[in-house]
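Structure, as structure tokens:
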Amino acid sequence: MANLLDELNPEVREEGLDTNVIAKKIPVKVGVGSTIFEILLWLLGIIPGVVFLFMKIKAKNYFSQLEQKIQANASQIDNYLEQRVIVLQNCARLLDKAIDLDKSTFENIARYRSGKASDSDAARNELVTNLDQLANNVHVAFENYPDLQAHQQIRDAMQQNMYLQREITAARELYNDTINTWNREIFAWPTKMIVAAKQGYTTRIPFAASKEIKEKAKGVFF
């Protein structure tokens with residue numbers, strides 16, 4: 001049998017390939033075969049039916065625990081986002097005292113100071129994108145005035161922003177790992193998939209890099 005992938009005779013994309021996260025939730029559905037499978041277990045005797053019933057209860061508890069883990073991971077992202085908003089607000093205030101900072105930047109940062117992001121994954125991802133944009137505006141203002149880089153408070157605030165950005169990235173990776181587990185487990189037939197279908201579960205959308213961050217990654221740094 002020939003190799004399915006032949007590295008010596010590859011099909012390549014000369015132009016490269018840019019991938020994106022698809023923002024689509026896929027519902028879990030089971031067919032008639034799953035229903036027949038459950039009926040057959042009960043027809044084979046009370047023991048197989050009861051055993052499978054307990055397996056479904058265990059699967060349901062597993063998904064409940066996994067949901068709690070997802071919530072904990074999301075809460076960790078929210079905490080870092082809240083801290084980053086505070087740091088960016090401090091940066092904006094310090095820069096505003098020294099230069100004529102774009103007022104819209106300061107106003108937008110202040111608007112996110114109200115609290116945590118949201119229970120919505122989409123809203124949380126949108127907030128990350130907006131903060132990336134605002135942080136970039138502050139950073140550009142900082143770089144345009146070399147004299148400000150000697151200001152210790154401003155330098156410290158900028159370093160804190162960079163640190164929190166890395167922490168948010170790490171927290172998002174942890175969140176995405178848990179989401180990957182969820183998306184994989186809900187399609188594990190028969191027990192978990194049957195339970196997931198009855199509970200109306202869907203796949204969850206992982207965090208994705210913002211458009212601005214992806215564009216900056218394509219830039220020239222040196």
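The values are calculated or read from the model by the stated rules, or taken from the named source; none is laboratory data. Source: prediction; values computed, not measured. Here Cβ is always computed from backbone atoms with ideal geometry, including for glycine, and neighbour counts include all displayed protein chains.
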Of the residues in segment 10-66 that are over 22 Å from Ile179 (Cβ atoms), of a type in the set (Gly, Ala, Ser) and not in a helix (DSSP H, G or I), the one that is modelled with the highest pLDDT is Gly31
The helices (runs of 4 or more DSSP H) lying wholly within segment 136-222 that contain at least 3 residues that are modelled with pLDDT of 70 or more and β-branched (Val, Ile, Thr) are 152-185, 191-199
Those residues of segment 171-211 which are among the hydroxyl-bearing types (Ser, Thr, Tyr) and in contact with a helix residue (DSSP H, G or I) (Cβ under 6 Å, 6 or more places away or on another chain) amount to Tyr175, Thr178, Thr191, Thr203, Ser210
Ala72 fails exactly one of (1) touching a residue at least 60 places away in the same chain (Cβ under 8 Å); (2) more than 30 Å from Gln153 (Cβ to Cβ); (3) surrounded by 12 or more Cβ atoms within 10 Å (Cβ to Cβ); (4) under 17 Å from the mean Cα position of the chain (by Cα), namely (1)
Note: among Leu95, Leu101, just one is part of a helix (DSSP H, G or I), at pLDDT below 85 and surrounded by 13 or more Cβ atoms within 10 Å (Cβ to Cβ), namely Leu95
Of (1) in a loop (DSSP other than H, G, I, E, B); (2) free of Cβ contacts under 8 Å to residues at least 60 places away in the same chain; (3) surrounded by 14 or more Cβ atoms within 10 Å (Cβ to Cβ), Asp6 satisfies every one except (3)
